[in-house]
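Engineer: Below you'll find the structure I mean.
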Amino acid sequence: MISSRNGARVRARLAALGGYAPETVVTNDDIARRVETSDEWIVTRTGIRERRYAAPDQAASDLAVAAAERILESAGVEGAELDMVIVPTATPDHLFPSTAALVADRLGARNAAAFDLSAACSGFVYGLAQATGLIEAGIARTVLVVGAEVLSRVTDHDDRATCILFADGAGGALITRGDPEETTGFLAFDLGADGSGAEQLIIPAGGSRQPVSAGPAPTDGCIKMDGPEVFRFATRVMVESAERLLEALEISIDEIDLLVAHQANSRIIEVAARRLGVPDERVYNNLERYGNTSSASIPLALAEARDEGRLRPGAMLLLAGFGGGLTWASTICRYEPIAA
């Protein structure tokens, strides 16, 4: 599904960014003490050198609130001003209530609607599409989208194929109403899913298909992944999705100032960038420090790129996510921050 926003009378604006990573650092050497691997093996195959794990008393909502507070502070916006809180997550605090409802309450967003969004690693861009639709339809004026994950709780730490990848963190964006004559906003989205590949990246237990009360094996509550198939899917779908957006908007890849893809594997990002013709200096990658934080990875990367001076106001962005579902989601947008 591809949607161009060129005809919108109201523009959704990418107004603020923020992220939060837990304090506990887990290095490749730490993992090598538990499973048969090495720092060299992990770096060569994934690009990851370390990742962050949440403290025992931290859940997804705690990470989301920490990121959200940074976002709102940077924009000078109070929680009470929010109309909607969307939390893309694969690791919610509970099946219900939504993690978004808990986050909204702690932010003082008493009048905001709130819901979680399940699209795995594509979740942040799916959330941006939801926020854009709500704002451009006149339903909301100010929407907070915060991806938050505690993947360390659903990782089999004895499975070398997955324990080296997944980590914890939160990141998000404030999306506000903008005048179409002054705001570029989100030009187009490309969203999709292929459920035939569901088994390639899945947490089998915990839902109605295999309830925890049925007594599944402990590892059934952990991430299962067919790495080679996910790699092939990701490198193909990221390129195809981006090309559809560029064609629909009739713009060149040279007009993109920064490509920020889901931080899953450096080789995936490198292959996709090469096929799209994006030079290294216009690709942002912070995977080596944070690992795969699923729905939090793109906004965490955006916030860090901003802090490093790699993302400046007015920059045209290509954001591309892919993940369990199997899902994909891309958007081309301009970064138009508001200052506190």
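The values are calculated or read from the model by the stated rules, or taken from the named source; none is laboratory data. Here the structure is a predicted model, which is why all the values come from computation and not from measurement. So basically every Cβ, Gly included, is an ideal-geometry build from the backbone, and we count neighbours across all protein chains shown. Note: accessible area is taken over every heavy atom of the protein model, side chains too, but ligands, DNA and RNA are not part of it. Shrake-Rupley method; radii C 1.70, N 1.55, O 1.52, S 1.80 Å.
Engineer: I'm checking my understanding of the structure. Among residues of the range 247-270 that are among the hydrophobic types (A, V, I, L, M, F, W, C) and open to solvent by 20 Å² or more (accessible area, probe 1.4 Å), which one is nearest to Leu300 (Cα to Cα)?
Structural biologist: Ile253
Engineer: Do we find a residue being within 22 Å of Leu191 (Cα to Cα) and not hydrophobic (A, V, I, L, M, F, W, C) anywhere in the range 299-318?
Structural biologist: Yes: the range 299-318 contains one or more residues that are within 22 Å of Leu191 (Cα to Cα) and not hydrophobic (A, V, I, L, M, F, W, C).
Engineer: Taking Leu174 as the residue in question, decide whether it is touching a residue at least 24 places away in the same chain (Cβ under 8 Å) and open to solvent by less than 20 Å² (accessible area, probe 1.4 Å).
Structural biologist: Yes.
Engineer: Now for a different question. Given (1) within 13 Å of the chain's Cα centre (by Cα); (2) at negative phi, where does Asp307 come up short, assuming only one miss?
Structural biologist: Just one mismatch for Asp307, condition (1).
Engineer: For the range 79-110, enumerate the residues that are touching a helix residue (DSSP H, G or I) at 6+ places or on another chain (Cβ under 7 Å) and not aliphatic (A, V, I, L, M).
Structural biologist: Matches in the range 79-110: Gly79, Pro88, Thr89, Thr91, Pro92, Asp93, Thr99, Arg106, Gly108, Arg110.
Engineer: I've got another one for you. Would you call Val26 closer than 23 Å to Ile139 by Cβ, surrounded by fewer than 21 Cβ atoms within 10 Å (Cβ to Cβ) and at pLDDT 95 or above?
Structural biologist: It is false that Val26 is closer than 23 Å to Ile139 by Cβ, surrounded by fewer than 21 Cβ atoms within 10 Å (Cβ to Cβ) and at pLDDT 95 or above.
Engineer: Out of all the residues in the range 204-241, which are in contact with a strand residue (DSSP E or B) (Cβ under 7 Å, 6 or more places away or on another chain), open to solvent by 50 Å² or more (accessible area, probe 1.4 Å) and farther than 14 Å from Ile268 by Cβ?
Structural biologist: Within the range 204-241, just Lys224 meets the criteria.
Engineer: Tell me the residue from Thr183, Thr99, Thr162 that is open to solvent by less than 20 Å² (accessible area, probe 1.4 Å) and under 22 Å from Arg9 (Cβ atoms), please.
Structural biologist: One residue alone meets the criteria, Thr183.
Engineer: Further, regarding this structure: Filter the range 30-73 down to residues that are touching a helix residue (DSSP H, G or I) at 6+ places or on another chain (Cβ under 9 Å), closer than 26 Å to Arg106 by Cβ and open to solvent by 90 Å² or more (accessible area, probe 1.4 Å), then give me how many there are.
Structural biologist: Qualifying residue count, the range 30-73: 2.
Engineer: For a quick check of your reading of the model, give me the residue pairs whose first member lies in the range 225-247 and is small (Gly, Ala, Ser), whose second is assigned to a helix (DSSP H, G or I), with beta-carbon atoms closer than 7 Å and at least 6 apart or on different chains.
Structural biologist: Between residues of the range 225-247 that are small (Gly, Ala, Ser) and residues that are assigned to a helix (DSSP H, G or I), the close pairs are Gly227/Ala161; Ala234/Ile268; Ala242/Leu276.
Engineer: Considering each of Ile338, Ile332 in turn, give the residue that is touching a residue at least 40 places away in the same chain (Cβ under 8 Å), within 22 Å of Gly127 (Cβ to Cβ) and assigned to a loop (DSSP other than H, G, I, E, B). Walk me through how you get there before you give the answer.
Structural biologist: Working: Ile332 fails: assigned to a loop (DSSP other than H, G, I, E, B).
The match here is Ile338.
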